[in-house]
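To keep things clear, I will list the structure first and then write my remarks on it.
The values are calculated or read from the model by the stated rules, or taken from the named source; none is laboratory data. All figures in this text were calculated on a predicted structure; none of them were measured in a lab. When we count neighbours, we look across all protein chains shown, and the Cβ atoms used for this are built from the backbone with ideal geometry, even at glycine.
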């Protein structure tokens, strides 16, 4: 019998076609599971809010299927959306902060894309407050003043990672089929890796950032999370497209004045999900640095070495000893300057029932006035952004940082070109990718023996070459045959 909570997109839709399940039954099943293992006081706390209209949406989709027999690509699929991504109706968009707990806005374009494709917005996912750009003072990943502490379903004493903690945990625990996260600096790939799911950080500009509570206009991007590469690829394809309100999306290959049939910027990644070997695929890595970073984790070392052998046996060519200096201090400079400007722009432009929070300073003052609930770990990053930069993006330090970043982008591109690479393998590169705008992803590759925490592999690709990255990940997934699931009831 099909386990609806761990079924794939294809399996659920086949059940709908056969009549063995309805969308309403699937939505009810997921809501029941949230009530059982997530919402209680000792629950996982990955879902910050449930969509009160989800069942109405499910009933409408069931009727649509009965009457038309048409099934859009995400038909009947439960989707959780990170709480910094705008949604309309009765749900709030708060970046998991009590300061923004009355922020009712409109659907972000990527949410509209999901709804148009037949997806059911099940609710909002908890997250590290303000996408982990709030304080330096020990706030754990997955904690927020509005949603509490998200827990890792594999081991509640371990770090669920952040900031898309709830999005990753919910998919891992069978609370939604897929989810949306956002990444500025590792916030999709890190929680995906920690919770044993597939997470994709797209090329900057592939996916719209409009109506997403921001950190940085240079680094921010939404992306999908799923339990397998195919489902992640399906969701990613539906999120792509140019958005006139997001300049970054205008860097896509297709012209803005397209007059042909359909949407030229909507990507279908299914054509890349083929093959059963990696013959001739060139994979770059730095084995020494990877193993050094894993020196206190013998299971991870063994897993990575076994992965490399599997790749070579499947025909891949591994090019070792590749390296570059990402200059992460430059990244922090850009983030600090852009956060104030981007947050003020978001707050002044949003449509909301409350006008209390109109700039970053309002949030800081609210938190200070409600410190008992709002400032368990402080707000040093918020106050630094407010007090140390102008928000006008004119400071020499900021402009120089942008120029230095451009050099790193060129260096990363040259790394691919000089070595004729298809992808890069390893965490060493996957944490450079957000800085340079290159796409990256993680897939589960096993599980540690003692603590039961997932193991993973990370891939980075050329800009706008998600297709090749997905092809390699799909074949890796098939070769490894890894299927892990937490014991959460």
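Looking at segment 356-365, is at least one residue at pLDDT 95 or above, within 17 Å of residue 337 (Cα to Cα), assigned to a helix (DSSP H, G or I) and more than 26 Å from the chain's Cα centre (by Cα)? Checked against the condition, which is being at pLDDT 95 or above, within 17 Å of residue 337 (Cα to Cα), assigned to a helix (DSSP H, G or I) and more than 26 Å from the chain's Cα centre (by Cα), segment 356-365 yields at least one hit. Of the residues in segment 72-84, at least one is farther than 26 Å from residue 10 by Cα and touching a residue at least 24 places away in the same chain (Cβ under 8 Å). Please enumerate the residues belonging to segment 427-444 that are within 22 Å of residue 295 (Cβ to Cβ), in contact with a helix residue (DSSP H, G or I) (Cβ under 6 Å, 6 or more places away or on another chain) and surrounded by fewer than 24 Cβ atoms within 10 Å (Cβ to Cβ). 428 - this is the single residue of segment 427-444 that is within 22 Å of residue 295 (Cβ to Cβ), in contact with a helix residue (DSSP H, G or I) (Cβ under 6 Å, 6 or more places away or on another chain) and surrounded by fewer than 24 Cβ atoms within 10 Å (Cβ to Cβ). Return a yes/no flag: does segment 322-331 have any residue that is closer than 26 Å to residue 444 by Cβ and touching a strand residue (DSSP E or B) at 6+ places or on another chain (Cβ under 8 Å). Yes, segment 322-331 has at least one match.
Residues that are part of a loop (DSSP other than H, G, I, E, B), touching a strand residue (DSSP E or B) at 6+ places or on another chain (Cβ under 7 Å) and either without any contact (Cβ under 8 Å) to a residue 24 or more places away in the chain or crowded, with 24+ Cβ neighbours inside 10 Å (or both) within segment 141-188 comprise 142, 147, 154, 164, 175, 176, 177, 187, 188, listed in sequence order.
The residues of segment 277-334 that are within 21 Å of residue 437 (Cβ to Cβ) and outside any helix (DSSP H, G or I), listed by number, are 283, 284, 285, 286, 322, 323, 324, 325, 326, 327.
Taken as a whole, the condition of being within 26 Å of residue 484 (Cα to Cα) and in contact with a helix residue (DSSP H, G or I) (Cβ under 9 Å, 6 or more places away or on another chain) does not apply to residue 55. Got at least one residue in segment 476-485 being modelled with pLDDT under 95 and either surrounded by fewer than 18 Cβ atoms within 10 Å (Cβ to Cβ) or touching a strand residue (DSSP E or B) at 6+ places or on another chain (Cβ under 7 Å) (or both)? Yes, segment 476-485 has at least one match.
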